[in-house]
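Contents: one structure, followed by commentary.
None of the figures in this text is laboratory data; all of them are computed from the coordinates on show. These figures come from a predicted structure and were not determined experimentally. Counting neighbours? That spans all protein chains shown, and the Cβs are built from the backbone with ideal geometry, glycine included.
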Amino acid sequence: MQYIYLHGFASSPNSAKAQDIGDRFAQIHTKLKIPDLNAGDFSQLTITRQITQVAVEFSNDSTPVTLIGSSLGGLTSAHLGQQDLQVERLVLLAPAFGFLSHWLPKLGDEEVQRWQQEKDIMVYHYGEGRKLPLNYNFVTDAAQYQEELLQRPIPTLILHGKKDEVIPIEGSRDFARLRPWVELVELASDHALADVMEEIWQAIRLFCQLP
């Protein structure tokens, strides 16, 4: 089994969650790949680019893959699992279902229209600790990735905070309700999940049958 971790939007492989889970995999002597989904050019980020980039990480000998994805990385993992039969298991941490429907209203209509016209918007990048431009292609690309398309019955574990202020847990509840192969664990936490990492790790170990 190959394990790959997908970090969230405007984040990096150095995020607290990525580092925490990476360290725990190292302790049990199991390799976890954590690709940098910024790919050296955050301005041209799209979900399609992330899917293409991660698929290249898959081994050529059809070794099964478990994807662990956080937020937008979780959404990307789910769509990659739909497309690629090498993906046999998904662990989604506060997956960004309905991402645009939560994010764009916060920007406001005027800001979104300006983004569309000017092609770039400045977004705070947590991995870089500063604002970086993001092209409007991100929005047009993301709009085609709808949850209704995710129908492949892949064993899936979702861990989502009940107090998530970025991606409300209702999206994960709706997703799990319609798919009997999905297990949803609701945690007493927010979007960062920083205070429940031990619970998350124990759930991952059990679900992935790790040592």
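I need the calculated FRET efficiency for the pair Q144 and L107, taking r as the beta carbon distance and R₀ as 22 Å, to the nearest 0.05. Could you put the intermediate results ahead of the total?
On the way: r = 20 Å, r/R0 = 0.90.
The computed FRET efficiency comes out at 0.65.
Sorting check: for 189-197, 102-110, 156-164, which peptide has the highest mean count of neighbouring beta carbons within 10 Å, and how do the rest follow? Show your work: numbers first, answer last.
Numbers: 189-197: 17.2, 102-110: 11.9, 156-164: 21.3.
The densest-packed peptide leads the list: 156-164, 189-197, 102-110.
Could you check the spin-label model distance between K163 and R130? Points 7 Å from the Cα along Cα→Cβ, value in nm.
3.3 nm
So if I place +1 on the C-beta of Lys and Arg and -1 on the C-beta of Asp and Glu, and nothing else carries charge, what would the dipole magnitude of segment 1-46 be about its Cα centre? I want it in debye, nearest 20. All intermediate terms of the calculation are to be shown ahead of the outcome.
Numbers: 4 positive and 4 negative charges, 36 e Å.
Here the size comes out at about 180 debye.
Roughly speaking, what is the centre-to-centre gap between segment 40-88 and segment 104-161 when only Cα atoms are used, to the nearest Å?
Using only Cα atoms to place each centre, the spacing works out to 16 Å.
Distance between Cα centroids, segment 194-211 to segment 165-188: provide it in whole Å.
17 Å
Mean separation of Cα pairs under 8 Å and 6+ residues apart, divided by the residue count of the chain: what relative contact order is that in percent?
Numbers: 362 pairs, mean separation 44.2, N = 211.
That works out to 21 percent.
Over segment 149-211, what is the relative contact order in percent, taking alpha-carbon pairs closer than 8 angstrom and at least six residues apart? It would help to have the intermediate numbers written out before the result.
Working: 72 pairs, mean separation 22.6, N = 63.
Across segment 149-211, relative contact order equals 36 percent.
Within segment 67-100, find all residues whose amide N lies under 17 Å from a label point positioned 7 Å from the Cα of T30 along Cα-to-beta-carbon.
Label zone hits: 67-70, 87-93.
What's the ranking of 86-99, 49-62, 4-17 by average number of surrounding C-beta atoms within 10 Å, highest first? Present the calculation step by step, with values, prior to reporting the outcome.
Working: 86-99: 23.6, 49-62: 14.2, 4-17: 21.7.
Packing proxy ranking, top to bottom: 86-99, 4-17, 49-62.
Subtract the Cα-Cα distance of Q19 and L100 from 0.36 nm times their separation in residues, and report this length gain in nm to one decimal. Intermediate values should be presented prior to the final figure.
Details: separation 81, 0.36 × 81 = 29.16 nm, distance 2.69 nm.
Working it through step by step, the gained length comes to 26.5 nm.
R173: net charge of surrounding residues, Cβ under 13 Å, Lys/Arg +1, Asp/Glu -1, itself excluded? Provide the component values of the computation, followed by the final result.
Details: positive: K162, R177, R179; negative: E147, D164, E170, D174, E183, E186.
Neighbour charge sum, excluding R173 itself: -3.
By per-residue mean of other Cβ atoms within 10 Å, what is the highest-first order of 113-121, 64-72? Let's see the in-between values first.
Numbers: 113-121: 13.4, 64-72: 25.3.
With the highest mean Cβ count within 10 Å placed first, the list reads 64-72, 113-121.
What is the distance, in nm, between label points placed 7 Å from the Cα along the Cα-to-Cβ direction at M122 and at Q53?
Simple spin-label model gives 2.3 nm for this pair.
Can you tell me how much longer the chain between N137 and L85 gets when fully stretched, taken as 0.36 nm per residue apart minus their C-alpha distance, in nm with one decimal?
Values: separation 52, 0.36 × 52 = 18.72 nm, distance 2.74 nm.
Answer, rounded to one decimal: 16.0 nm.
From the helices alone, meaning DSSP H stretches of at least four residues, give me the mean residue ellipticity at 222 nm for the chain, per-run term -39500 (n - 2.57), in deg cm²/dmol to the nearest 500. Don't jump to the answer; show the numbers that get you there.
Details: 8 runs with 79 residues, N = 211.
Rounded to the nearest 500, it is -11000 deg cm²/dmol.
Dividing the Cα radius of gyration by the Kirkwood radius, what Rg/Rh value follows for segment 1-64? All intermediate terms of the calculation are to be shown ahead of the outcome.
Values: Rg = 12.5 Å, Rh = 12.7 Å.
The Rg/Rh ratio comes out at 0.99.
Calculate the dipole size of segment 38-176 relative to its Cα centre from +1 charges on Lys and Arg beta carbons and -1 charges on Asp and Glu beta carbons; express the result in debye to the nearest 20.
240 debye
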